[in-house]
Amino acid sequence: MTSEGTFTVVVDGRAVEAAWADESPETRRALATAFPLEGEATRWGDELYFGVPVDVGPENPQTAVDPGTIAYWPQGSVLCLFWGPTPASTDATPRAASPVTVVAHLEDIGPLSALPSGAGATVRVAND
């Protein structure tokens, strides 16, 4: 699997294209090698996260991210999808509980915004 270009994120049957970010090549490679990734995601505000079989240290970590960011949280080996404020946010900016590595950006956050409040979701991330 390649860590260049785009890939697909499917959340409860809704497909969204995502583009890899430039600032985290090691983490991107580790995630792409592990594709397909899938799991039952937990919701935390306007963030979904689920465990992935990847163990990579922090790479250009940050806590505040843009809506549509896909990030890897090294503390818990989880992939996070952000589309709005989380309980850690002080405004409308998505904020992780602790630093995350930005790996990609969703092209459309509409399908995530349409999820029922408080609901988890099944997430699949792959090149297909």
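If you go through segment 43-72 and keep only what is part of a strand (DSSP E or B), in contact with a Ser or Thr (Cβ under 9 Å, 6 or more places away or on another chain) and either over 23 Å from residue 122 (Cβ atoms) or free of Cβ contacts under 8 Å to residues at least 60 places away in the same chain (or both), you end up with 47, 49, 51, 62, 63, 64, 71, 72.
If only residues of segment 73-114 that are aliphatic (A, V, I, L, M), without any contact (Cβ under 8 Å) to a residue 40 or more places away in the chain and in a strand (DSSP E or B) are counted, the one that is surrounded by the most Cβ atoms within 10 Å (Cβ to Cβ) is 100.
For segment 1-22, the set of residues classified as in contact (Cβ under 8 Å) with a residue 12 or more places away in the chain, surrounded by fewer than 18 Cβ atoms within 10 Å (Cβ to Cβ) and within 21 Å of residue 61 (Cβ to Cβ) consists of 19 only. Pairing each residue of segment 116-128 that is more than 14 Å from residue 83 (Cβ to Cβ) and assigned to a loop (DSSP other than H, G, I, E, B) with any residue that is of a type in the set (Ser, Thr, Tyr) and at pLDDT 80 or above, provided the two are 6+ apart or on different chains, yields C-beta distances under 8 Å for 120/42; 127/8; 128/8.
How many residues are of a type in the set (A, V, I, L, M, F, W, C) and touching a helix residue (DSSP H, G or I) at 6+ places or on another chain (Cβ under 7 Å) when one looks only at segment 80-128? Spell out how you get there, then give the answer.
At the first step, the residues of segment 80-128 found to be of a type in the set (A, V, I, L, M, F, W, C) are 80-83, 88, 92, 96-97, 100, 102-104, 106, 109, 112, 114-115, 119, 121, 123, 125-126.
Cutting the leftovers down to touching a helix residue (DSSP H, G or I) at 6+ places or on another chain (Cβ under 7 Å) gives us 81, 83, 103.
Final tally of qualifying residues: 3.
Of the set (1) of a type outside the set (Phe, Trp, Tyr); (2) under 12 Å from the mean Cα position of the chain (by Cα); (3) in a strand (DSSP E or B), all apply to residue 40 but (2).
Does residue 44 satisfy the condition of being of a type outside the set (Asp, Glu), surrounded by 18 or more Cβ atoms within 10 Å (Cβ to Cβ) and either under 28 Å from residue 114 (Cβ atoms) or in contact with a strand residue (DSSP E or B) (Cβ under 6 Å, 6 or more places away or on another chain) (or both)? No, not satisfied. Taking segment 23-41 as the search range and keeping residues that are surrounded by 17 or more Cβ atoms within 10 Å (Cβ to Cβ) and among the polar types (S, T, N, Q), which one is farthest from residue 76 (Cα to Cα)? Top of the filtered list is 24.
The values are calculated or read from the model by the stated rules, or taken from the named source; none is laboratory data. Being a predicted model, the structure only gives us computed values, none of them experimental. A quick note on method: Cβ atoms are made from the backbone with ideal geometry, for glycine too, and the neighbour counts reach across all protein chains shown.
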